[in-house]
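As structure tokens, the structure follows; a few thoughts come after it.
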Amino acid sequence: MAHNTTVTVNVALSLNGMMAGRNGRRVRISGNEDMERVHRLRAESDAILVGARTIINDNPYLGINEKYLMSDRRPARIILDEHLRIPENSNVLNDQQETIIFSSSSREELGHARIVRREKEGLYMEKILDDLGSMGFRNILVEGGRDVINQLIRSRRIDHFYIYLGNIIIEEDGMPLFRHSHEMKLKFLEVSGLGEGVIINLDPQSLYI
């Protein structure tokens with residue numbers, strides 16, 4: 001791509017295509033082997049990007065856990081939170097890694113995070129990625145959620161797209177990643193087994209319509 005950032009999407013899905021359970025309930029899809037892969041991706045990234053809903057539902061640290069990988073890397077945590085609605089006790093608000101929140105809220109501070117204020121029209125994915133590139137972030141790992149990933153698909157700004165397909169089925173009213181009104185045939189660049197699941201290296205170009 002002709003941009004100065006490389007964007008990698010990584011997501012775990014159930015066998016029936018769900019990211020989470022009903023109302024965003026967290027479901028453990030990845031096994032230890034996949035968690036090691038995820039932490040390697042984090043260690044190769046300058047920043048990890050997620051939406052506010054991921055923080056509210058899962059409360060992740062978005063760091064590198066020595067249980068899965070020993071590394072001195074501390075990628076920045078980028079949160080898209082238009083109304084600054086993530087809780088004050090969110091794990092990403094600690095001082096162990098840099099946290100940047102893009103928001104249109106006038107609130108002055110939240111934990112140890114740096115708040116980057118943008119008018120609502122400045123919170124579109126293309127603008128945010130350009131801003132991150134200007135800040136010096138070259139490799140961005142996107143771990144969710146559904147809205148963020150689908151914004152990226154619409155912006156056509158994805159360089160790599162990895163799906164871990166786990167050996168689990170989530171209830172039919174869970175949260176699917178893809179919601180399309182018509183059939184799509186996607187292109188797999190590579191498929192390989194990992195633990196009790198499968199890794200799909202998906203060609204992001206095949207998602208663009």
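Rule-based calculations on the coordinates, nothing more; no lab input. All values derive from a computational prediction rather than experimental measurement. All Cβ positions, even for glycine, are placed from backbone atoms using ideal geometry, and neighbour counts span all protein chains on display.
Figures for the structure shown
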read-out: Candidates per chymotrypsin sites (Phe, Trp or Tyr not before Pro) in segment 75-140, loop by DSSP, up to 14 other Cβ within 10 Å; value: TYR124
read-out: Qualifying trypsin sites (Lys or Arg not before Pro) in segment 137-209, DSSP loop, other Cβ atoms within 10 Å at most 16; value: ARG138, ARG156, ARG179, LYS185, LYS187
read-out: Note, ³J(HN,Hα) from phi for segment 80-90, Karplus 6.51, -1.76, 1.60, rounded to Hz, x at Gly and Pro; value: 9, 9, 3, 9, 6, 9, 6, x, 5, 9, 4
read-out: Total formal charge among the other residues, if their Cβ is under 11 angstrom from that of LEU110, Lys/Arg +1 and Asp/Glu -1; value: -1
read-out: Formal net charge of residues neighbouring ASP147 (Cβ-Cβ distance under 12 Å; K, R +1; D, E -1); value: +2
read-out: Antiparallel bridge percentage (DSSP; both residues within segment 25-166; nearest 5); value: 0 percent
read-out: Rounded to 10°, Cα long-axis angle of helix 125-134 versus longest principal axis of the chain; value: 60 degrees
read-out: For segment 103-117, Karplus couplings with θ = phi - 60° (6.51, -1.76, 1.60), whole Hz, Gly/Pro x; value: 8, 9, 6, 8, 4, 7, 8, 7, x, 9, 7, 8, 9, 9, 8
read-out: Computed [θ] at 222 nm, helices only, for the chain once each DSSP H run of length n ≥ 4 contributes -39500 (n - 2.57); value: -5500 deg cm²/dmol
read-out: Normalised contact order of the chain, rounded percent, pairs of Cα under 8 Å and 6 or more residues apart; value: 32 percent
read-out: Amide H within-cut-off set for ILE100, under 5 Å, with H built and near neighbours excluded; value: ARG77, ILE78, ILE79, ARG114
read-out: Of the GluC sites (Glu not before Pro) in segment 126-209, those whose Cβ has at most 13 other Cβ within 10 Å and which sit in DSSP loop; value: GLU171, GLU172, GLU183, GLU196
read-out: Check: the chain dipole with +1 on Lys, Arg Cβ and -1 on Asp, Glu Cβ, in debye; value: 240 debye
read-out: Cβ-defined net charge surrounding LEU207, 14 Å radius [Lys, Arg +1; Asp, Glu -1]; value: +4
read-out: Table column - 3J(HN,Hα) (Hz), segment 189-199, Karplus curve with 6.51, -1.76, 1.60, x for Gly and Pro; value: 7, 7, 9, 8, x, 8, x, 9, x, 9, 9
read-out: Options ILE209, VAL142, MET35, ranked by Cα towards positive dipole end of the chain, top entry (Cβ charges); value: ILE209
